[in-house]
Amino acid sequence: MATPWDRPDPVYLEEWAPRFKPYQRDLTHELALAPGSRVLVTCAGAGGEAVSVARAVGSEGTVSATDPVSAMVELCAERARAAAVDNVACRTADLDDVSGGPFDAVVCAFGLWRVADRPSVLAAWRDCLTPSGKVGILTWGPADDGDPFERFYRALDELEPDAPHPRRRVDAERASLSAMFAAAGLTVVRQTVLRHTMTFTSAELFVRSLLHGDVWSDAAAALGKERMGKVAAHFYDGVGGPTAALGCDPAVTLAIAARPGAEVTLAHRPSLTVPKP
């Protein structure tokens, strides 16, 4: 199955990219990016956060938008042109490629789970920051047992416990996130859980959309259509059937970190000295 990370998947773009926008706007707001700032947006994907950041830093600011997949970089550039922002430069690069720095901020929305050695990536981001620079991320969680995402995970676990497991997340608990950043020499200065309502006209649409996301690609490929169909049917039994409308407000954790001793600005803290260990 094609995933949004192999090439721009039409289902992913139609169903998920718009649902990410409120979270991306929240991250941009909380970072309080000053006009004229230079920002690295890594794992930029379809370009939602790059456009949001570009508008925040204004015409005097610059955004370097990178993604490991060239097709996504092309899509990000298209989205920037469509949004009439001309201060976004797009290129293909891994998450730890910080060429072009220093930067006033590094932004990564829903992308950090893609790397196993997160402290090394975070350390690269730390080293490319200006003295008052900051890192801002979004990641799914903490998990909510009642939301449809968790229900589908359980359906998979119950019917196919040996399938490749798609639960590839950054641990969003406060202590775990703080420890992850601390291992890279960064201190968390803002962490909050965001919730925005997502609605699906049917459980069937939810499943179809979910299976076009990268975190499910291995499981879907391993099981095949028939076995994954049984998992979906098991999920439908618990939510009122395939035609039942679904609504949820999944938790997304926003975290902002900076080097100890730095003087940074946040949306609700115009001047903050980052605590030293």
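Nothing in this text is a laboratory measurement; each read-out follows from the coordinates by a stated rule. Computed from a predicted structure; not experimentally measured. For neighbour counting, all protein chains shown are included, and Cβ atoms are generated from backbone atoms with ideal geometry for every residue, glycine included.
Numbers for the structure displayed
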item	result
Global size of region 47-192 as Cα Rg and Dmax, reported in angstrom	17.2, 54
Coarse-grained scattering of region 52-122 at q = 0.15, 0.22, 0.27 Å⁻¹, given as base-10 log I(q)/I(0) from a Debye sum over alpha-carbon atoms	-0.52, -1.07, -1.41
At least 15 Å along the helix axis (C-alpha) and Kyte average at least -0.5, DSSP helices within the chain	70-82, 217-239
Sorted peptide list for 151-162, 255-266, criterion being average Cβ within 10 angstrom, highest first	255-266, 151-162
The chain - share of DSSP beta bridges that are antiparallel (%, nearest 5)	55 percent
Sum of side-chain charges, LYS230 neighbourhood, beta-carbon under 13 Å (Lys, Arg +1; Asp, Glu -1)	-2
LYS230 versus SER59: modelled label distance in nm, points set 7 Å from Cα along the beta carbon direction	6.2 nm
Point-to-point label distance, THR265-GLU150, nm (Cα→Cβ direction, 7 Å offset)	3.9 nm
Highest-first arrangement of 241-248, 65-72, 229-236, where packing means the average Cβ count within 10 Å	65-72, 229-236, 241-248
FRET efficiency for ARG81 and THR197, using Cβ-Cβ distance with R0 set to 35 Å, rounded to 0.05	0.70
Rg/Rg_ref, region 76-160, where Rg_ref = 2.2 N^0.38 Å and atoms are Cα	1.47
Lysines whose Cα lies under 22 Å from that of LYS276, excluding same-chain neighbours fewer than 8 positions away	LYS134
log₁₀ of I(q)/I(0) at q = 0.23, 0.24, 0.29 Å⁻¹ - region 129-188, Debye sum with one point per alpha carbon	-0.98, -1.02, -1.23
Label point 7 Å beyond Cα of ASP171 along Cβ direction - residues of region 250-277 with amide nitrogen under 13 Å	none
Structure-derived percent of Cα pairs over 34 Å apart - corresponding label in (1) 20; (2) 27; (3) 37	(1)
Bins of 10 Å from zero: percent of alpha-carbon pairs in region 193-268	15, 33, 24, 13, 12, 3
Relative contact order %, the chain, counting alpha carbon pairs below 8 Å whose residues are six or more apart	21 percent
Whichever aspartates and glutamates have a C-alpha closer than 13 Å to that of LYS21, once near sequence neighbours (fewer than 8 apart) are set aside	GLU49
